[in-house]
Each structure stands twice: as C-alpha cells, then as structure tokens.
Amino acid sequence: MKTTLRTDITIQAICEGFVYNELEGRGLFGLSGKLTIQPEYQRNYIYADGKKDVAVIESILKGYPIGLIYFNTVAPDQFEVLDGQQRITSFGRFVTNKFAIKDENGMEQYFGGLAKDKQEKILQTKLLIYECEGTESEIKEWFRTINIAGVPLNSQELLNAVYSGPFVTLAKEEFSNTQNSNIMKWSAYVSGSANRQEFLERALDWVSKGNIGDYMSRHRYDDNINELKTYFNTVIEWVSGIFKDVESEMRGLEWGRLYETYKKQPYDPNKISEQLRALYADPYVKNRKGVFEYILGGSVITNLLDVRVFDEATKRTSYSRQTDEAKTKDESNCPLCAIGHDANKTRIYTLNEMDADHVTAWSKGGTTDITNCQLLCKTHNRAKGNR
Ligand SMILES: [Zn+2]
C-alpha cells in the first residue's frame, strides 16, 4: 500500500461542494466532488449528539489538531474517506450552518454568525491527510485494524467493511436506517441502535444461526436481502403474536434461538398473558428475563427463573432442628436417606454436605420461608432436580 502525507488541504477546500443527506444522516461529498465522504462500508454519522460535533469545532477554533485523516485514492484525483468521516461531516455541517456552538458569552452561534476572523480560522485550517493507494483487500485489511478516533468500530461495523458490497448496502438500507418505521416495533425485542448496526447484527445472527461472517461472505454479491428480511420478520411476528404484553425484559433476548426451538408448539396468547402476569407478580421470581423461555418451554425449566433461595439463617435453623430430631430417633438427618435401606440410613450429614429444598415445590405454590424448608443430602437434592 502506498501512502502520501498531505498537509496542504484546508477545511475550506474539503467543504467545497459539501453535501449532507439529512434523511440518511450521511455526509456524502466534498472537495469539489472529488471526495466521497461516506463510502458504503462506513458507519452512519454518529457525532450529531450535540457534543462530539461541537467538540470538533471547538478544537479547530483553539488550534488543536483534530487527528489524522485517511483518504483512499480510488482513481486519479478521486478519493473516498477511510478514516475521518465523522470529523469531516462535523465541520462540513457546521460550515453549512447545520448546527450552532456556544461562544465565549454562552450565546449560540452558527457559522454564519461568527466573527469573520473565526470563520477564516476554521476555513484556513490545514488538515493532516494520508492518501492511501492499494488493492481492495489491502485497504480493507488495513481498515479492519484501525479504530476511528474515540469510537472504535464494533464487530458488525467491521464486518460491514470487510464484506462491503451490494448485499451490505441493501441490508443497511433496511436495518440501519433510522427512518425505517419498523424500528419502533423491533426495539421491543432487539436492543441497540440502527446507527451502530445492532438491528442488522441481530437479523444476521438469527438467519445465520450465529455464523454472521460466513453468511455475509456467501451472500456478499447478492442483489437482494429477501431471505434475511423474511427470516427476521418471521421471528418478530412469531414473538409478537405469542406475547401480547410488551415488557422491557423482552428486549435483547435470543428470539432467533427461541423461535427455532419452539416454533412448532401451539400457544394461546390469552393464556400466555395470564401466565406472564402471574410470574411477574411472583416475588420469588428473581430473573424476569427467564420468564419468556420458561413459558415457551411449558413452565417446567424452573432454573430459568432463578427462584429465590433460602437464606443462611433459615438453612441453619432448619439444619439444627432436623439434626436434633434425627439424633433422638437414631436415623439420618436427610429425611430421604432415613427412609432408605443402605448404610446412609443413620448417617448424620454436616451442614456443608446438605442443600436446602422446598418441601412443597415453588412451582406448586410453596413459599421460600422456614415453614417450607428442609435440608437434603446433596445427592438426594440433586436427584430431586429442578421443580
Ligand atoms: Zn439423602
């Protein structure tokens, strides 16, 4: 890869012909049309939070360096931004009066309202730019290794760069587009944001059963995303059809895996809703995120719920009572050993050799207090399993 350091290009030159797409949140072109600011493999513009973009302008006004910028030379006098897109979009938007900064008196000032010397200071600032020339794979391999200032690329953003092409472009139009009206619905089940590619990542994760890179590689040059889109929508329709209630704990669950595991089971949404209400109201259920799979699995896998366990004091009290009683009868302090016929029939276990158990199972309405606590030897407790 060949690199040339340029120190002569000013902000004014970059902002010549600056085009920003408000709808897509993308800085598109600059440098009189010679520069593509956001190639398809780049992340969306995420500096527009009223802080990072303002910080870029304040740095420039104070004469602080804003860091290296990398261009990929795609043809003679034609470049695309490899690294620096967020910073370029920030000053491009500022110079075209898209946002304001606060001046020394705390007043909001757009570029057009700044004193002439400040405007000039910004426009005449020279940037440090590396122009890189190399093969597609060289550039992408290198791109994979860099971090964009302040905000490292996450794994999906890297995959988008590595497998850039028509498939990624179409997939991002659907799943990384903040204007997509479905995002609100998806957000009930998928956590993250469209800008950081988290809906796309989830959709790919589900359709590929966890092999995202492999899937993207195989579909890289596809001219449609039908399978990806259909599968994702099927999973979302499935879960929203079964669970009428939308709870915050549903967000981010492994719906793809749950769909594959339970899609053949029939469910009655009204009954499901009643079960869900009851479990949410149950003070013994510690893990509400586990409620959904517990219900889908027929309400038997109790360990998904992390049901509240007996505290130490309760265990010790029950142990003493049970052990004293067992000693007077000359039988084991594990009630299940005591009714057996082997050598453990009279064995007295230490507290450490025993586990607390619900006499009446939690799932049958048993409480987690001393009236419902018994200690069993570890072997018998394990044999009773999850109830
Ligand atoms: Zn036992």
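Laboratory data are not the source of any read-out in this text; all were calculated from the coordinates shown. Note that this is a predicted model, so its numbers are computed, not measured. With ideal geometry, Cβ positions are generated from the backbone for all residues, glycine too; neighbour counts draw on all protein chains shown.
Some values worked out for this structure:
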read-out: Orphan Cys of the chain, criterion: no other Cys C-beta under 4.7 Å; value: Cys15, Cys132, Cys373
read-out: Which of Leu128, Leu158 has the fewest Cβ neighbours within 10 Å, and the rest in rising order; value: Leu128, Leu158
read-out: Interchain or long-range residues, amide H under 5 Å from Phe29's placed H; value: Val19, Ile37
read-out: Residues Ser181, Ser90, Ser164, Ser193 arranged by fewest to most Cβ contacts within 10 Å; value: Ser181, Ser193, Ser164, Ser90
read-out: Diffusion coefficient, µm² s⁻¹, Stokes-Einstein with Kirkwood Rh over alpha-carbon pairs of the chain at 37 °C and 0.692 mPa s; value: 126 µm²/s
read-out: Förster radius 41 Å - calculated FRET efficiency between Ser181 and Asp8 (Cβ-Cβ, nearest 0.05); value: 0.35
read-out: Two-site label geometry, Leu28 and Thr379: point separation in nm, points 7 Å out along Cα→Cβ; value: 7.6 nm
read-out: Distance between modelled label sites at Ala55 and Lys263, nm, 7 Å Cα→Cβ extension; value: 4.4 nm
read-out: Contour minus Cα-Cα distance for Met1 and Asn352 (0.36 nm per residue); value: 119.9 nm
read-out: Peptides 228-235, 82-89 ordered by average Cβ neighbours within 10 Å, highest first; value: 82-89, 228-235
read-out: Two-decimal Rg/Rh across the range 322-376, once Rg and the Kirkwood Rh are taken from alpha-carbon atoms; value: 1.02
read-out: FRET efficiency for Lys121 and Glu141, using Cβ-Cβ distance with R0 set to 41 Å, rounded to 0.05; value: 0.60
read-out: At R0 = 25 Å, FRET efficiency that the Cβ-Cβ distance of Glu325 and Ala361 yields, to 0.05; value: 0.65
read-out: Unit charges on C-beta of K, R, D, E only; dipole of the range 59-135, Debye; value: 340 debye
